[in-house]
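*Asks:* This is the structure I want to talk about, given as structure tokens.
Laboratory data are not the source of any read-out in this text; all were calculated from the coordinates shown. What you are looking at is a predicted structure, and each value in this text was computed from that prediction instead of being measured. Note that we place each Cβ from the backbone using ideal geometry, even for glycine, and neighbour counts take in every protein chain shown.
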Amino acid sequence: MRSGPMKTCLSLFLFGVIAVAQVRYEDILKGPGEDWTTYAGNYQGWRYSPLKQITVQNAGSMVPKWAYHVPDANGLRTSPIVYKGVMYVTDSNSLYALDARTGRSIWTYHDSKAKKKGVNRGAAILGDSVYFTTTDNYLVSLDRQTGDLLFSKKFGEVDKGTTSTSAPFAVKDKILVGSAGGDSGMRGFIVALSAKTGDELWRTWTVPAKGEPGSETWSDLHEWGGAGTWLSGTFDPDTNTLFWTTGNPWPDFAGAPRLGNDLYTCSLLALDLDTGKLKWYFQFTPHDTHDWDAQSWPVLVEIPWKDTHGVTAMRKVVLHANRNGFFYVLDRATGEFLRGTQLIDKQTWAKGLDDTGHPVLLPGKDPTPEGNWVCPSIKGGTNWMGQSYNPGTGLLYVLTLEECGMFTTSTQKPVPMKNFAGGGATEPGGQVVLRAIDPKTGKRAWEYPMTGSAKMWTGTVSTAAGVLFSGDDDGHMLALDAKTGRHLWHFNAGDLMTASPITYEVDGKQYVAIAAGTNVFAFGLFEPMQSTPLPKITRGAGSRPAEREP
Amino acid sequence: MRFVVTGLIFPALLAAQHGQAEGAAKAPHDPAAVAAGAKLYATSCSGCHGPDGSGARGPNLFHRLESHSLKDDELFGTIRNGVAGTDMPPTKLSDDDTWKLTAFIRALTGPANESPAPGNPAAGEKIFWGTKAACSDCHAILGRGSRMGPDLSDIGGSRPLGLIREALVPPKDDPSRNYALGGKEGVTVTMKNGTVIKGIARNRSNYSLQVVDTKGELHLIQMTDVKELAILDRSLMPDDYATRLSTEEMRDLLAFLARQSVRAPEVAQ
């Protein structure tokens, strides 16, 4: 440190109420406790918390603790990160740091020069930094305490149709970022950036270039084929493997210009964390023509599994509830298809899945100029809303949608970045149902139907106390018994919910938080408020630090 | 205030070196149009708005456009038509010249990094990190420096040069401009347990307080734990830079600050 008046002055100031500690990879690896340090809570994508203060017995006495209105917000998608009493939420090109006990703003970062506006699903935290991406593809690193800018680095070209909407994913010394924009033509990728500098470490394209393996599955349009990666991935530390899903091919509803399976759209990719090299892939919907991204994230669990010889042993698997209406179980090491069951009741496009997991198509379900009525609708049997896996109940909780729609094609010539999707699809309304699925059997343990407009995007979080939190299709925050689906508590947040809840603890008190429409809410158990006496407040010109030195 | 005049009339002169912008109408970011507009401003506008835009008989332009932003067409219209009921007259300048003037006003009131600033930024950088100005005892740029005061990583990309200058040397008639960089209340918090925290309050209510201390560490405080709170009635920003730094040092420091931007300027300089 330099000498001079400030040095003496600084030495007069001591103390620290909050322990200053870096967020280490090992801390995130442990999963949630008091803090919630990664988008899905833990690397395995469980959205599960060990907190037990709010129980099945007392959840009925939950009350709102605070609300924070995000300026100019519209349909917030953010899933909060919480660390050491500070909550980080994002919106278009903005990150807000809030006091997680009170909801008071601490600092805001806004990139007013971003070339585009769009939704944003959240932040990541690692070391002393909090990270988020701008809509025009800059990774922004900020001091997690003060919001000071550490770097802002471009990783994608908005002029080539790529935008960014997902929460960055912090693993070891890397920040992994996906790509969005696949509905108007772009070439998807997953990129690993240095957490310290933002420099690119590797990039894996999700549509092969001409001549590369997989490019034979395209007749044309490789350069604009889509396969966006617009939700965070999950990570298996034992095998150093990233699991990341990909979106639909472009043009969405016109299959003719891209005959073939269109790899690696609508797929799950297993990638080596250090190199980005593809270990295996599984394509759920080859040659998709219904905009059924595989975006729902891959959940990593270990469950008892009976092999072909009838012997039951624990097996590491990937669970995936797909937009196409099926629920998949894959082997985590190889991607081998183990089982596929129907996620929803109304599914009319496939007779089922064959032994390799490929769909057995029914005729007359592709979009046509006249239109074909298909279930599920464009929104899918589920979507990007956060699922929760609860090791206590052994159940996976998934928001599903029973809706059908009319899929049509257009005679327009596909033009990248003109938002031409090759046709259209209707969303006439349907029924949202929260379903508890037993991954061991693929069967439903219970379900909770909701009222509403079938427009919600709310996910779930569940706890060791056996409480499941979600938002319903009518703007209510919900608490259900995770074992039975029995209603415990609800709160009308007054707005359509489009984000997933989390839970955290500060000063020994458990909170449940969700971004609802234009506000972030935090809930907790009721307790009578203690009077807050005003302290002795003095005002004056005082002395500036530099003037303290005699 | 001498250095101010010297400092801010300079961009116009520098810009003028780019030459005239013949027929460069409706080109608000064109350096040649800015340069031509600077000459027009000096003869037609500076009498009322001051040679640096900081106002005299007429309003301070960068304050006015900060609180009432105008699109290029609207700014053009204001210059062309004047402002009814005020001393601002309509102009008889041609469309082309009015656009050049618009370009200059836009440069004067837009982000500092989008126009050439006078001075030596390399020398200004040394001043910023040195002990004489001691800027980095409170401020950081891209993570270097103290985190207590406002981050200056984007100061040139987000503020006109005139506002940055006012943060360094507040106008005598309006010391509140000292807060133009987003400074918050300086506080000394004495907790009931005897701990004392000094720093800048990022937010404060009767019920909670969020403070970044002099080491850049964040404290989340419940007011039930606070015994005494001393609030500084003025900004922690020193107000003696006009005497602490020479005219050249101030110009160089401004040149350095003007170049601090998260994004590259929209126009190549």
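*Asks:* Express as a percent, rounded to the nearest 5, the fraction of DSSP beta bridges in the protein assembly as shown (both residues included) that run antiparallel.
*Replies:* Numbers: 151 of 162 bridges.
Here the share of antiparallel DSSP bridges comes out near 95 percent.
*Asks:* Using the Cα atoms of segment A:136-243, I'd like the radius of gyration and the largest Cα-Cα distance, Dmax, both in angstrom.
*Replies:* Calculated on Cα positions, Rg and Dmax stand at 14.9, 51 Å.
*Asks:* How compact is segment A:372-524 by the rule of thumb for globular proteins, expressed as Cα Rg over 2.2 N^0.38 Å? Mind dumping the intermediate values first?
*Replies:* Numbers: Rg = 17.6 Å, N = 153, 2.2 N^0.38 = 14.9 Å.
Normalised by 2.2 N^0.38 Å, the Cα Rg of segment A:372-524 equals 1.18.
*Asks:* Divide by every residue of the protein assembly as shown the summed helix terms, -39500 (n - 2.57) for each DSSP H run of at least 4, and state the resulting mean residue ellipticity at 222 nm, rounded to the nearest 500 deg cm²/dmol. Walk me through the numbers before you get to the answer.
*Replies:* On the way: 13 runs with 115 residues, N = 819.
Calculated mean residue ellipticity at 222 nm is -4000 deg cm²/dmol.
*Asks:* Could you state the per residue volume, in Å³, of the convex hull enclosing the Cα atoms of segment B:38-162? Working shown, then result.
*Replies:* Values: hull volume 16.1 nm³, N = 125.
With only Cα atoms used, segment B:38-162 gives 129 Å³ per residue.
*Asks:* Let's test the formula: R0 of 60 Å, r as the Cβ-Cβ distance of A:His487 and A:Thr356. What FRET efficiency results, to the nearest 0.05? Mind dumping the intermediate values first?
*Replies:* Values: r = 41 Å, r/R0 = 0.68.
According to the calculation, E is roughly 0.90.
*Asks:* Just the ratio, please: alpha-carbon radius of gyration of segment A:465-505 over 2.2 N^0.38 Å, N its number of residues. All intermediate terms of the calculation are to be shown ahead of the outcome.
*Replies:* Details: Rg = 10.4 Å, N = 41, 2.2 N^0.38 = 9.0 Å.
Dividing the Cα radius of gyration by 2.2 N^0.38 Å gives 1.15.
*Asks:* Which stretch or stretches of segment A:386-418 have amide N atoms under 13 Å from the point lying 7 Å from A:Thr368's Cα along the Cα→Cβ direction?
*Replies:* Backbone N within reach: A:407-409.
*Asks:* Let me know the mean shielding of A:530-539 by other chains, meaning the per-residue number of their Cβ atoms within 10 Å of its Cβ.
*Replies:* Working: counts 1, 1, 9, 4, 4, 13, 6, 7, 6, 6.
Going residue by residue through A:530-539 and averaging, the value is 6.
*Asks:* May I pose another question? Considering the dipole of the protein assembly as shown built from charges on the beta carbon (Lys and Arg +1, Asp and Glu -1) around the Cα centre, which of A:Pro416, A:Thr206, B:Val83 is farthest to its positive end?
*Replies:* B:Val83
*Asks:* Between beta-carbons, use under 13 Å as the cut-off and find the net charge around A:Ile502, counting Lys and Arg +1, Asp and Glu -1. Mind dumping the intermediate values first?
*Replies:* Details: positive: A:Arg47, A:Arg121; negative: A:Glu34, A:Asp35, A:Glu505.
Result for the local shell: -1.
*Asks:* May I pose another question? Calculated FRET efficiency, B:Thr195 and A:Leu259, Cβ-Cβ r, R0 60 Å, to nearest 0.05? Walk me through the intermediate numbers first.
*Replies:* On the way: r = 70 Å, r/R0 = 1.17.
Approximately 0.30, to the nearest 0.05.
*Asks:* What distance in nm lies between label points placed 7 Å from Cα along the C-beta direction at A:Val311 and A:Asp345?
*Replies:* Roughly 4.2 nm, to one decimal.
*Asks:* Give me the Kirkwood hydrodynamic radius of segment A:409-466 in Å, from all C-alpha pairs, to one decimal place? Show your work: numbers first, answer last.
*Replies:* Numbers: mean 1/r = 0.0643 Å⁻¹.
Over segment A:409-466, the inverse of the mean reciprocal pair distance is 15.6 Å.
*Asks:* Just to verify a number: FRET efficiency for A:Lys509 and B:Arg57, C-beta to C-beta distance, R0 = 41 Å, to 0.05? Please report the intermediate quantities before stating the final value.
*Replies:* Working: r = 60 Å, r/R0 = 1.46.
Computed FRET efficiency for A:Lys509 and B:Arg57: 0.10.
*Asks:* Tell me, B:Cys138, A:Cys404 in order of fewest to most beta-carbon neighbours within 10 Å?
*Replies:* A:Cys404, B:Cys138
*Asks:* I would also like to ask the following. Where in segment B:117-131 does the label zone of B:Arg144 land, with the point 7 angstrom along Cα→C-beta and an amide N cut-off under 17 Å?
*Replies:* B:121-131
*Asks:* With each label point set 7 Å from Cα along the Cα-Cβ vector, what nm distance links B:Lys126 and B:Arg80?
*Replies:* Taking the simple label geometry, B:Lys126 and B:Arg80 are separated by 5.0 nm.
*Asks:* Right, another one. Looking at A:Leu231, A:Val520, A:Ile190, which one has the Cα that reaches farthest to the positive end of the dipole of segment A:20-527 (charges on Cβ: Lys, Arg +1; Asp, Glu -1)?
*Replies:* Farthest along the dipole direction, towards plus: A:Val520.
*Asks:* What is the sum of charges, Lys and Arg at +1 and Asp and Glu at -1, for the other residues whose Cβ falls under 12 Å from the Cβ of A:Leu478? Display every interim value, and only then the final one.
*Replies:* Working: positive: A:Arg486; negative: A:Asp472, A:Asp473, A:Asp474, A:Asp481.
Value of the local net charge: -3.
*Asks:* How big is the Rg/Rh ratio for segment B:186-231, C-alpha atoms only, Rh by Kirkwood, two decimals? Walk me through the numbers on the way to the answer.
*Replies:* Values: Rg = 9.2 Å, Rh = 10.2 Å.
Taking Rh as the inverse mean 1/r over Cα pairs, Rg/Rh reads 0.90.
*Asks:* Using only atoms on other chains, find how many Cβ atoms lie within 10 Å of each Cβ of peptide B:224-232 and report the average. Present the calculation step by step, with values, prior to reporting the outcome.
*Replies:* Working: counts 5, 3, 6, 2, 4, 6, 6, 5, 6.
Whole-number average of other-chain Cβ neighbours for B:224-232 is 5.
*Asks:* Oh, and also: Once you've got the Cα coordinates, tell me which of B:Lys100/B:Lys132; A:Lys172/A:Lys277; A:Lys365/A:Lys413; A:Lys154/A:Lys418; A:Lys154/A:Lys277; A:Lys115/B:Lys100 are over 28 Å apart. Could the numbers behind the result be given before it?
*Replies:* On the way: B:Lys100/B:Lys132 40 Å; A:Lys172/A:Lys277 17 Å; A:Lys365/A:Lys413 22 Å; A:Lys154/A:Lys418 23 Å; A:Lys154/A:Lys277 22 Å; A:Lys115/B:Lys100 26 Å.
Table pairs above 28 Å Cα-Cα are B:Lys100/B:Lys132.
*Asks:* Separate question: Which value, in debye to the nearest 20, describes the size of the charge dipole of the protein assembly as shown about its Cα centre when Lys and Arg Cβ atoms bear +1, Asp and Glu Cβ atoms bear -1, and nothing else is charged?
*Replies:* On the way: 83 positive and 86 negative charges, 303 e Å.
Approximately 1460 debye in magnitude.
*Asks:* Which of the listed residues, A:Leu98, A:Gly459, B:Gln210, is farthest toward the dipole's positive end in the protein assembly as shown, when Lys, Arg count +1 and Asp, Glu count -1 at the beta-carbon?
*Replies:* Of the listed residues, the answer is B:Gln210.
*Asks:* Sticking with this structure for a sec: With no solvent and one point on each alpha carbon, what is the Debye value of log10 I(q)/I(0) for the protein assembly as shown at q = 0.04, 0.09, 0.10, 0.11 Å⁻¹?
*Replies:* -0.20, -0.94, -1.09, -1.22
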